[in-house]
Amino acid sequence: MEEGEGSNGGVFEGGLEVRVLVVDDSPVERRMVEGLLKKSGAMFQVIAVDSGKRAMEVLGLTDDKAEHPTVDHQKVDIILTDYSMPEMTGYDLLKTVKEQSCRKPIPVIIMSSENEPQRISRCRAIGAEDFILKPLQTNDVLRLRSYARPTELSPRTGTKRKMALELMAENSGSDRRPRLAGLAVS
Amino acid sequence: MSLMALRERLNVLVNSMFLEGLLDQQFRQLQMLQDASSPGFVAEVITLFCEDSERMLTELTKLLDQAVVDYQKVDAYVHQLKGSSSSVGAQNVKLACIQFKQFCEENNKEGCLSALNMVKHQYYSLRSKFDTMLQLEQRIQAYDSEQQN
């Protein structure tokens, strides 16, 4: 697998495990998201970091790792990042991840406490799979499963994933209309 | 005091905090994340919230004590405090932070100082109730552990 690419996920009893990289400078919010992901079922393995820079290290996207590609790093299936962070914002991280020239870039979901249309459009324009308002709720976390690579999931859940993805394509990627009601997202 | 009485006291405390506006429904989300596999989750997050909030309040006090205030830094801390308070359901703290952000955007030092005092007031009111909550949670956990053993 190339650096920066989504992984196959591990295997656990009942299905595939999805590795989620949670990026948020707030320790409280990191812990809450981690708790939500773990509560939703055994299928999420959470890696939580406090900065975009640290996320880059986990993803193997730092300059020194680019020079030494054999350095080991963790594989990630989905990135769930806060938008507003010091030094490297969630937008910067999103841009860097999407700029990687790999076959299957890792899905990136942006979290933000601000429901700003421009911010949302900006993120979607450079490839963010979704934009979720904070604080996260249980149904937000359940949506994350649909961003895992569907062809890798077990046949029992494959149909629902396919339907979810089709819906996503029709709705331009987000079915969370109630929280973004009245908002036209291009 | 019996386990049932402790649980009842905790419920009464939490309900009163909702009525006073100290907590909102997001706190119920936090409570729902506690289960047999994470028995101390609420206590852990509340403790983290309190430590983090006090750190930020200290930094905000220092920043606003400067002759020339760096409103960008102030806003960054207020934003983070707003976020964490929103996450745990600390409603009054969150609302006070929203007001604080407004003054930051206006570069209004007096307003910021007044807002900081309000945030502190709301935080410490909440903190005092959280302390009681954590004590009750601890006693309940102790009971549960005894019963398991």
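Legend: mean number of C-beta atoms from other chains within 10 angstrom of residue C-beta atoms, peptide A:77-88, equals 1.
Per residue, how many Å² of accessible area does chain B show with a 1.4 Å probe?
Details: 7720 Å² over 149 residues.
Per-residue value: 52 Å².
Where the alpha-carbon atoms of the stretch B:1-123 are placed on the principal axes, they occupy 55, 28, 23 Å, in descending order.
Once the partner protein chains are put back, the stretch A:29-63 shows a loss of at least 50 square angstrom of accessible area, versus the chain by itself, at A:Glu29, A:Arg31, A:Met32, A:Lys39 (probe 1.4 Å, ligands and nucleic acids excluded). For the stretch B:90-135, carbon and sulfur atoms together expose 47% of the accessible surface, with a 1.4 angstrom probe and every protein chain in place.
What does the charge count around B:Ala142 come to, taking other residues whose C-beta lies under 15 Å from its C-beta (Lys +1, Arg +1, Asp -1, Glu -1)?
Values: positive: B:Arg7, B:Arg9, B:Arg139; negative: B:Glu137, B:Asp144, B:Glu146.
It works out to a net charge of 0.
By a 1.4 Å probe calculation restricted to protein chains, A:Asp77 has an accessible surface near 10 Å², given to the nearest 10. For the pair B:Ser114 and B:Ile98, the difference between a 0.36 nm per residue extended length and the Cα-Cα distance amounts to 4.5 nm.
Total buried accessible area between A and B, probe 1.4 Å, nearest 100: 1700 Å².
Counting only other chains, and only Cβ atoms inside 10 Å, what mean value do you get across the residues of A:89-97?
Working: counts 0, 0, 0, 0, 0, 0, 0, 0, 0.
That average works out to 0.
Is the shape of the stretch B:75-149 rounded, prolate or oblate, going by the alpha carbon gyration tensor and its root eigenvalues a ≥ b ≥ c, with a/c under 1.5 for rounded and a/b larger than b/c for prolate?
Working: a/c = 5.14, a/b = 3.07, b/c = 1.68.
Judged from the Cα gyration tensor, the stretch B:75-149 comes out prolate (a/c at least 1.5, a/b above b/c).
Please name which of B:Asn108, B:Gln31, B:Tyr77 has its Cα lying farthest along the dipole of the stretch B:12-113 towards the positive end, using unit charges on Cβ (Lys, Arg +1; Asp, Glu -1) and the Cα centre as origin. Value computed over the given set: B:Gln31. Compared with the alpha-carbon gap, the fully stretched path from B:Asp35 to B:Asp70 is longer by 8.3 nm at 0.36 nm per residue. Helical content alone sets the calculated 222 nm signal of chain B at -28500 deg cm²/dmol, taking -39,500 (n - 2.57) per DSSP H segment of four or more residues and averaging over every residue.
Beyond 19 Å in Cα-Cα separation lie the following of the pairs A:Lys134/B:Lys62; A:Lys38/A:Lys98; A:Lys38/A:Lys134; B:Lys62/B:Lys101; A:Lys134/B:Lys94; A:Lys134/B:Lys109: A:Lys134/B:Lys62; A:Lys38/A:Lys98; A:Lys134/B:Lys109.
What relative contact order, as a whole-number percentage, does the stretch B:34-149 give when Cα pairs under 8 Å and 6 or more residues apart are counted? Show your work: numbers first, answer last.
Working: 82 pairs, mean separation 28.0, N = 116.
About 24 percent, as a whole number.
Within 10 Å of each candidate Cβ there may be at most 16 other Cβ atoms; applying that plus a DSSP loop requirement, which GluC sites (Glu not before Pro) in the stretch B:95-128 survive? Could you put the intermediate results ahead of the total?
Working: sites: B:Glu105, B:Glu106, B:Glu110; in loops: B:Glu106.
In loop regions of the stretch B:95-128 (DSSP not H, G, I, E or B), the sparsely surrounded GluC sites (Glu not before Pro) are B:Glu106.
Rounded to the nearest 20 debye, the dipole magnitude of chain B is 200 debye, with +1 charges on Lys and Arg beta carbons, -1 on Asp and Glu beta carbons, and the Cα centre as origin. For chain B, set up a Gaussian network in which alpha carbons nearer than 10 Å are linked by springs, and say which option among B:Leu60, B:Leu116, B:Leu48 fluctuates the most. Of B:Leu60, B:Leu116, B:Leu48, the most mobile in the Gaussian network model is B:Leu48. In the stretch B:76-112, burial by the other protein chains removes 40 Å² or more of accessible area from B:His79, B:Gln80, B:Ser87, compared with the chain on its own (1.4 Å probe, ligands and nucleic acids ignored).
The values are calculated or read from the model by the stated rules, or taken from the named source; none is laboratory data. From a predicted model like this one, the values you see are computed outputs, not experimental measurements. Cβ atoms come from the backbone with ideal geometry, glycine included; neighbour counts cover every protein chain shown. We work out accessible area using only protein heavy atoms, side chains counted, and drop any ligands, DNA or RNA first. Shrake-Rupley method; radii C 1.70, N 1.55, O 1.52, S 1.80 Å.
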